[in-house]
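The block underneath contains the structure these notes are about, expressed in structure tokens.
The values are calculated or read from the model by the stated rules, or taken from the named source; none is laboratory data. Just so it is clear, the model here is predicted, and its values are computed rather than measured. Virtual Cβ from ideal backbone geometry, glycine too; neighbours counted across all protein chains shown.
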Amino acid sequence: MEYRNLGKSGIKVSALSFGAWVTFGDQVGEDIAYNCMKEAYDAGVNFFDNAEAYSAGKAEFMMGNIIKKMGWKRTDLVLSTKIYWGGKGPNDSGLSIKHIIEGTNAALKRLQTDYIDLIFCHRPDFYTPIEETVRAMNLVINQGKAFYWGTSEWTSAQIIKAYQFALREHLMPPTMEQPEYNMFHRDKIEKEFLPLYEEFGLGTTIWSPLASGLLTGKYNNGIPDKSRLSIENYKWLKNTILNEEGEKKIEKVKQIAIIAKDLDITQANLALAWCLKNQNVSTVITGASKPEQVRENMKAINDLNKLTNDVMNKIEQILANKPSPERDWRA
């Protein structure tokens, strides 16, 4: 396993990490989740991602139980949670001081730990001033309940506003952002956030590297039984794939499959390694519903050297979606 600094912070996370989204509590029970986490840990994964919203808190509860059963040393782990959707009450969602504090306390109980290494604002909250959220996250950190805080799916403007307010008030600014990033979703990582890597040292913990399974090739001939797209709670995900744009993407996936075959690696591992090639990606969050999938995904770290400049260019020609750079008006 390769370990990368989370941006310019001192903490190191495994380049491939493991998350509970979709699977824990929705697709798999604790026994399978146990075996999946064990496979990841044995492969060198130290970062495990979660959120209060995942399966309405059940995912955190399961992960906490598994870590306790494993008897893993807490200092060997980097655990995260994300705060935003904690319930149906008027103050059970969003990024107010009240919900951030109460949501954090509830997450710690479910995870059965005294602290979270990384805590994220799961989405921007248009009803709470960013200044209030920054102060709330710093309160959590000052209480020793988290070490670093960050954002998920925020815009660069929102991150900059939070960062500048934190510096002005002598508070800890956001350290990391958790955006979606894959071959079909590139703009934030490859364009919008470019000024933030150098200026603020922003780290990224990217999710959906396989585009919800699309890049594995599993949907090339329709939706297989028992896939995540057949789950009632994820019909919205199905609708993003089974449309005209989704069909165009599937045609590109079929072409990418030829490259994967030539390299003697799976389509999934090609997609994971492609994400890892980006130097601004701190860690790639993987997910799986079977331990065999985890074992296979972890091999992607060894496939990085197969993605030569020539291979990357061939992939680029198929994708044809590289974000255009800012125009140089002097040129």
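Just name the residue that is nearest to Asn91 (Cα to Cα) out of those in region 131-146 that are hydrophobic (A, V, I, L, M, F, W, C) and buried (at least 19 other Cβ atoms within 10 Å of the Cβ). Walk me through how you get there before you give the answer.
We begin by selecting, within region 131-146, every residue hydrophobic (A, V, I, L, M, F, W, C); these are 134, 136-137, 139-141, 146.
Next cut, buried (at least 19 other Cβ atoms within 10 Å of the Cβ) only: 134, 136-137, 140, 146.
On the way: Val134: 18, Ala136: 14, Met137: 17, Val140: 18, Ala146: 21 Å.
Only one residue tops the list, namely Ala136.
Can you find a residue in region 107-114 that is buried (at least 22 other Cβ atoms within 10 Å of the Cβ) and under 19 Å from Glu177 (Cβ atoms)? Give the derivation first.
Taking region 107-114 first, the residues buried (at least 22 other Cβ atoms within 10 Å of the Cβ) are 107, 111.
From what's left, under 19 Å from Glu177 (Cβ atoms): none.
Among the residues of region 107-114, not one is buried (at least 22 other Cβ atoms within 10 Å of the Cβ) and under 19 Å from Glu177 (Cβ atoms), which makes the answer no.
If the requirement is being of a type outside the set (A, V, I, L, M) and surrounded by fewer than 20 Cβ atoms within 10 Å (Cβ to Cβ), which of these qualifies: Asn182, Asn220?
Checking each option against the conditions leaves just Asn220.
Do you know which residues across region 277-331 are aliphatic (A, V, I, L, M) and over 22 Å from Val78 (Cβ atoms)? Explain how you work it out, then say what you get.
Taking region 277-331 and keeping what is aliphatic (A, V, I, L, M), we get 281, 284-285, 288, 294, 298, 300-301, 304, 307, 311-312, 315, 318-320, 331.
Hits for region 277-331 are Leu307, Val311, Met312, Ile315, Ile318, Leu319, Ala320, Ala331.
Please name all residue pairs, on different chains or six or more residues apart, with Cβ atoms under 6 Å, provided the first residue is in region 286-302 and is over 19 Å from Gly25 (Cα atoms) and the second residue is of a type in the set (S, T, N, Q).
From residues that are over 19 Å from Gly25 (Cα atoms), the pairs are Asn297/Thr286; Lys299/Asn269; Ala300/Asn269.
In this structure, is Gly246 touching a residue at least 24 places away in the same chain (Cβ under 8 Å) and within 30 Å of Leu118 (Cβ to Cβ)? Steps first, please.
Values: touching a residue at least 24 places away in the same chain (Cβ under 8 Å): yes; within 30 Å of Leu118 (Cβ to Cβ): no.
No.
Name the strands (runs of 3 or more DSSP E) wholly inside region 3-46 in which the number of residues that are in contact with a strand residue (DSSP E or B) (Cβ under 8 Å, 6 or more places away or on another chain), in contact (Cβ under 8 Å) with a residue 40 or more places away in the chain and crowded, with 20+ Cβ neighbours inside 10 Å is 2 or more. Quick ask: steps written out before the conclusion?
Numbers: elements: 3-5, 12-14, 16-19.
It comes to 12-14, 16-19.
Might you let me know whether region 85-98 holds any residue that is within 27 Å of His170 (Cα to Cα), of a type outside the set (Lys, Arg), part of a helix (DSSP H, G or I) and modelled with pLDDT of 95 or more?
Checked region 85-98: at least one residue is within 27 Å of His170 (Cα to Cα), of a type outside the set (Lys, Arg), part of a helix (DSSP H, G or I) and modelled with pLDDT of 95 or more.
On the basis of being under 30 Å from Tyr41 (Cα atoms) and surrounded by fewer than 22 Cβ atoms within 10 Å (Cβ to Cβ), does Thr283 make the cut? Even if it seems obvious, please write down each step before you answer.
Values: under 30 Å from Tyr41 (Cα atoms): yes; surrounded by fewer than 22 Cβ atoms within 10 Å (Cβ to Cβ): no.
So Thr283 fails the test.
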